[in-house]
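The values are calculated or read from the model by the stated rules, or taken from the named source; none is laboratory data. This structure is a prediction, so every number in the text was calculated from the model and none was measured. In this analysis, Cβ positions are derived from the backbone assuming ideal geometry, glycine residues included, and neighbour counts consider all displayed protein chains.
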Amino acid sequence: MTRAEVTELLFRMPWQELKDAARQARCENLGHHVFVRGLIEFSNVCRRNCLYCGLRRENHTVRRYCLKKKDILAAARTAAAAGADTIVLQSGEAGRNPEWLAEIVAAVKAATALPITLSVGEQPRSWYALWKEAGANRFLIRHETADARLYAALHPGYTLQQRRQAQESLADLGYELGTGFLVGVPGQKPESLADDILLTRDMKAAMCGVGPFIPQSATPLAHAPHGSIPLTLRVMAVLRLAAPWLNMPATTALASLDPTRGQQDGLEAGGNVLMPSFTPRLRQAAYRIYDGKARVDMDAVRCAIENARLTHTLPVPADMPPKEIQ
Ligand code: SAM
Ligand code: SF4
């Protein structure tokens, strides 16, 4: 697909046709199964100052936390028992002791026997190698925007080139790479979304999260409008056609803007992953990357998957009678 073709699909193809094509591509390439990643947001400490994010260093209204090893392990066990197929350990970008995280990775792996995904930002290659050695399998680090000028404006002191280098190091080390980007972040030209789609395809990412920008009241972008849901869904659908192998979540940001249909719509636009949070409730409020962040729990996940007429292997909760098998 050329840039012109991607742009044509993005902005001109009738939505029903685009959505049907994306659904078909997802089914042909990946079947009807939805993967469930158990997200544990283990720390909100961050040294960066991304203009859009509520965890940015200069937000002094946030109460910073880092979960203890025992609490991370308890959350991971809960996620595994609830049916998560992967544990995702996410945090702000901190220069913490890399051995500590290696120990956590090894302990979570031993406790759950599940693949581990890390999402802890740009770090030295030697740290990535250490965590790989400890058992981490995948790494989520979004390129955020393929527009280098916009990237530099949104991430003071950092460049898109550095971000891409971090992604390349991770791929070299044998991690399955997850990228992603924002839709509707201030300063984004809609046509640059075609570049995001092509960059994701060309870097051979295994995963890609496409989420609408949502303002956070304690950031410089507090008063900017949020990204459009219909455009986010169109981008997901075109991405599914351009890179049919991708694992693509229906993001929590979609659920936050539309709690009743956001996740289902994301699955119907070609998504095949959901990421419920297992972060201890007391800490969830302090991981406020944007305002109105939804808590995506297992009931919401089941509901979205069933409404989208897809399948899962989640256990039936004890207080729910088993559904009739058809
Ligand atoms: N610190 C790590 C990093 O930046 O890669 C991982 C955690 S960070 C909170 C995870 C993702 O949240 C980012 O990649 C970014 O795209 C998304 N995010 C942050 N602020 C957001 C906002 N205001 N609206 C939508 N997504 C946002
Ligand atoms: Fe920190 Fe990630 Fe938020 Fe940027 S997006 S401020 S790196 S937590």
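Okay, here's what the table says:
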{"item": "Filter pass, E41 being of a type in the set (D, E), outside any loop (DSSP other than H, G, I, E, B) and surrounded by fewer than 21 Cβ atoms within 10 Å (Cβ to Cβ)", "result": "no"}
{"item": "Any hit, region 92-112, residues being touching a residue at least 12 places away in the same chain (Cβ under 8 Å), in contact with a helix residue (DSSP H, G or I) (Cβ under 6 Å, 6 or more places away or on another chain) and part of a strand (DSSP E or B)", "result": "no"}
{"item": "Lone unmet requirement of (1) crowded, with 19+ Cβ neighbours inside 10 Å; (2) free of Cβ contacts under 8 Å to residues at least 40 places away in the same chain for T260", "result": "(1)"}
{"item": "Matching entry among A25, A84 (being crowded, with 17+ Cβ neighbours inside 10 Å and touching a Pro at 6+ places or on another chain (Cβ under 6 Å))", "result": "A25"}
{"item": "Matching residues in region 237-285 - criterion: being part of a strand (DSSP E or B), more than 23 Å from R3 (Cα to Cα) and of a type outside the set (V, I, T)", "result": "P249, L274, S277"}
{"item": "Residue check for R77: at pLDDT 95 or above, of a type outside the set (V, I, T) and either in contact with a Gly (Cβ under 8 Å, 6 or more places away or on another chain) or away from ligand 1 (no atom under 16 Å from the Cβ) (or both)", "result": "yes"}
{"item": "Counted residues, region 90-104 - those being over 22 Å from H143 (Cβ atoms) and either within 16 Å of ligand 1 (Cβ to nearest atom) or modelled with pLDDT under 95 (or both)", "result": "5"}
{"item": "Counted residues, region 113-169 - those being touching a helix residue (DSSP H, G or I) at 6+ places or on another chain (Cβ under 8 Å), away from ligand 2 (no atom under 13 Å from the Cβ) and of a type in the set (D, E)", "result": "2"}
{"item": "Region 130-183, subset β-branched (V, I, T) and in a loop (DSSP other than H, G, I, E, B), residue nearest to V273 (Cα to Cα)", "result": "I141"}
{"item": "Any chance E58 is part of a loop (DSSP other than H, G, I, E, B), surrounded by fewer than 16 Cβ atoms within 10 Å (Cβ to Cβ) and either acidic (D, E) or at pLDDT below 95 (or both)", "result": "yes"}
{"item": "Any chance P186 is modelled with pLDDT under 95, assigned to a loop (DSSP other than H, G, I, E, B), out of contact with any Gly (no Cβ under 8 Å at 6 or more places or on another chain) and within 28 Å of R240 (Cα to Cα)", "result": "no"}
{"item": "Residue identified as within 16 Å of ligand 2 (Cβ to nearest atom) and out of contact with any Gly (no Cβ under 7 Å at 6 or more places or on another chain) among E58, E8", "result": "E58"}
{"item": "Near pairs, Cβ below 9 angstrom, 6+ apart or cross-chain, from region 208-231 (over 25 Å from N247 (Cβ atoms) and in contact (Cβ under 8 Å) with a residue 60 or more places away in the chain) to any residue that is surrounded by fewer than 16 Cβ atoms within 10 Å (Cβ to Cβ) and among the small types (G, A, S)", "result": "P215/A222; Q216/A222"}
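Residues checked against (1) surrounded by fewer than 18 Cβ atoms within 10 Å (Cβ to Cβ); (2) within 16 Å of ligand 2 (Cβ to nearest atom); (3) over 17 Å from the mean Cα position of the chain (by Cα):
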site: V185; (1), (2), (3): no, yes, no
site: H223; (1), (2), (3): yes, no, yes
site: M236; (1), (2), (3): no, no, no
site: L246; (1), (2), (3): no, no, no
